[in-house]
Number of protein chains: 2
Amino acid sequence: MSQSQGRGIPDLAVPRLSHYYRALLESRETDVISSEELSRLTGYSAAQIRRDLASFGQFGTPGRGYSVLDLRTALLSILGIDKDWHVALVGAGNLGQALLGYKGFRDQRFKVLYAFDNDPQKIGREFQGVKVYPLSELSQRIAQNNIRMAILTVPVAAAQEVVNQLVSSGVSAILNFVPVRLKVPEQITVQNIDMAIELERLSYRTTRSPGSTKQDTTKQQ
Amino acid sequence: MSQSQGRGIPDLAVPRLSHYYRALLESRETDVISSEELSRLTGYSAAQIRRDLASFGQFGTPGRGYSVLDLRTALLSILGIDKDWHVALVGAGNLGQALLGYKGFRDQRFKVLYAFDNDPQKIGREFQGVKVYPLSELSQRIAQNNIRMAILTVPVAAAQEVVNQLVSSGVSAILNFVPVRLKVPEQITVQNIDMAIELERLSYRTTRSPGSTKQDTTKQQ
């Protein structure tokens, strides 16, 4: 395997790598996999797959296919999930509780160590094995446990203040579910999930183009 | 205003339109807005904004700026949110309940008429003013109320069966939160929100490129 740092791929294409990785997990029985087979498993074109993977190095013998093991190892490393991430969740309301139980998270290397909330009804309780602590303990617990990633599910009005606290405690990556623009320093990574905007994307596609692409690009089918 | 059907824009760029629209809502006081001002409000480059909007028609006088009213009206129509969408939510667990209360939805034209679940503890209850009905009533209520859009928040094992029922009842657009590949007919639009994949995107960016782009592309800042 000759995994290089690679030229990388556009940020929006990263979910494709996640789908390739999932497809490889389903291919435990084989040593070698072709781009055509990966195409069948993920729904992306074989040409797209070859282009994406070529940008990170060479994972097989041309004409024979990719080494499943090498490719899996490389994707783990490229995606940054070859190690556990310690995660804090801030805001243990319905959405926060739902995320704590989300199957997709529990299967991955993202380990939520703590939840934080300022509601006395929630502090001290456990959801899916994760205990809720008061916001006043956020900075200390994050710093002590080397937590670099946070999931933000607080009310709109509280979001920016919590983010400031997260950043000053050492968090560098934030998955933000709050429909608000967060102000963060340059070196902090924010991934916004704005569900209203996802619904608008759906209504755009449904309204405008009855004949054209119907699946989102992170999709297979 | 000369809004044409336009050449449209790539699907992944649609969230930019949503952000432009939100910025225009904040600009009630002005008649005309420049691409530079829109850039300041949204974080996208002025060149990007001009390119996106030009693909849908002409909304102003070159050199003077865009007509806020025309552009707002056009974006509403392009995004398909110039009318109400009747929506059904299937799966009234934590995530479903969280979505029913999600501020971003309530502000928009997406009206959740019914929630469905098969849990006797939930059937008959109301969350955020939306009543939960048994799954056995799904087909009838969807057909009778002209519901075309559904939000799917059921357990993995139930997802495909529910989707089949939604599709055969007339739903054509599905916002899917279940981390599973749905099989749907060609003409059905599915938007997947896979939160584990969003976390992987975050870990990819945090791991690989400390110096490069840190904000996702649907982001401003």
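The values are calculated or read from the model by the stated rules, or taken from the named source; none is laboratory data. Everything numeric here is computed off the predicted structure, so don't read it as measured data. Cβ placement follows ideal geometry from the backbone for every residue including glycine, while neighbour counts extend to all protein chains displayed.
What to note about this one:
- A:SER168 meets each of the listed conditions (1) buried (at least 19 other Cβ atoms within 10 Å of the Cβ); (2) among the small types (Gly, Ala, Ser); (3) modelled with pLDDT of 90 or more apart from (1).
- Given (1) touching a helix residue (DSSP H, G or I) at 6+ places or on another chain (Cβ under 7 Å); (2) in the same structural domain as A:ARG148 (by TED's automatic domain parsing), index of the condition A:GLY91 fails: (1)
- Enumeration of residues in region A:182-205 that are small (Gly, Ala, Ser) and modelled with pLDDT of 85 or more: A:SER203
- Residue within region A:28-40 that is within 22 Å of A:ARG109 (Cα to Cα), buried (at least 16 other Cβ atoms within 10 Å of the Cβ), modelled with pLDDT of 85 or more and not assigned by TED's automatic domain parsing to the domain that holds A:GLN108 present: no
- Here is the figure for region B:92-125: residues that are in contact with a Gly (Cβ under 7 Å, 6 or more places away or on another chain) and either more than 7 Å from chain A (Cβ to nearest Cβ) or of a type in the set (Val, Ile, Thr) (or both) total 2.
- Test: residue in region B:143-150 that is under 21 Å from B:ILE193 (Cα atoms), outside any loop (DSSP other than H, G, I, E, B), assigned by TED's automatic domain parsing to the domain that holds B:ALA98 and under 23 Å from the mean Cα position of the chain (by Cα): yes
- Residues in region A:59-86 that are over 19 Å from the mean Cα position of the chain (by Cα) and assigned to a strand (DSSP E or B): A:GLY60, A:THR61, A:GLY65, A:TYR66, A:SER67.
- Residues located in region B:51-68, provided they are of a type outside the set (Gly, Ala, Ser) and under 17 Å from B:LEU12 (Cα atoms): B:ARG51, B:ASP52, B:LEU53, B:PHE56
- Of all residues in region B:163-184, those that are under 21 Å from the mean Cα position of the chain (by Cα) and not in a loop (DSSP other than H, G, I, E, B) total 7.
- Taking the criterion of being within 14 Å of chain A (Cβ to nearest Cβ) and over 28 Å from A:PHE105 (Cα atoms), the residues of region B:131-157 that qualify are B:ASN146, B:ILE147, B:ARG148.
Yes/no per residue for (1) of a type outside the set (Phe, Trp, Tyr); (2) within 24 Å of A:ALA196 (Cβ to Cβ):
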{"residue": "B:TYR114", "(1), (2)": "no, yes"}
{"residue": "B:GLU126", "(1), (2)": "yes, yes"}
{"residue": "B:PRO134", "(1), (2)": "yes, no"}
{"residue": "B:THR153", "(1), (2)": "yes, yes"}
{"residue": "B:LEU166", "(1), (2)": "yes, yes"}
{"residue": "B:VAL171", "(1), (2)": "yes, yes"}
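- Flag for B:ARG50 being part of a helix (DSSP H, G or I) and under 19 Å from the mean Cα position of the chain (by Cα): no
- Lone unmet requirement of (1) more than 8 Å from chain A (Cβ to nearest Cβ); (2) modelled with pLDDT of 90 or more; (3) in a helix (DSSP H, G or I) for B:LEU89: (3)
- Checking each residue in region A:123-142 for being under 18 Å from A:GLN97 (Cα atoms) and either among the polar types (S, T, N, Q) or in a strand (DSSP E or B) (or both) picks out A:GLU126, A:PHE127, A:GLN128, A:VAL130, A:LYS131, A:VAL132, A:TYR133, A:PRO134.
- Members of region B:87-101 that are out of contact with any Asp or Glu (no Cβ under 6 Å at 6 or more places or on another chain) and buried (at least 18 other Cβ atoms within 10 Å of the Cβ): B:VAL87, B:ALA88, B:LEU89, B:VAL90, B:GLY91, B:ASN94, B:LEU95, B:GLY96, B:GLN97, B:ALA98, B:LEU99, B:LEU100
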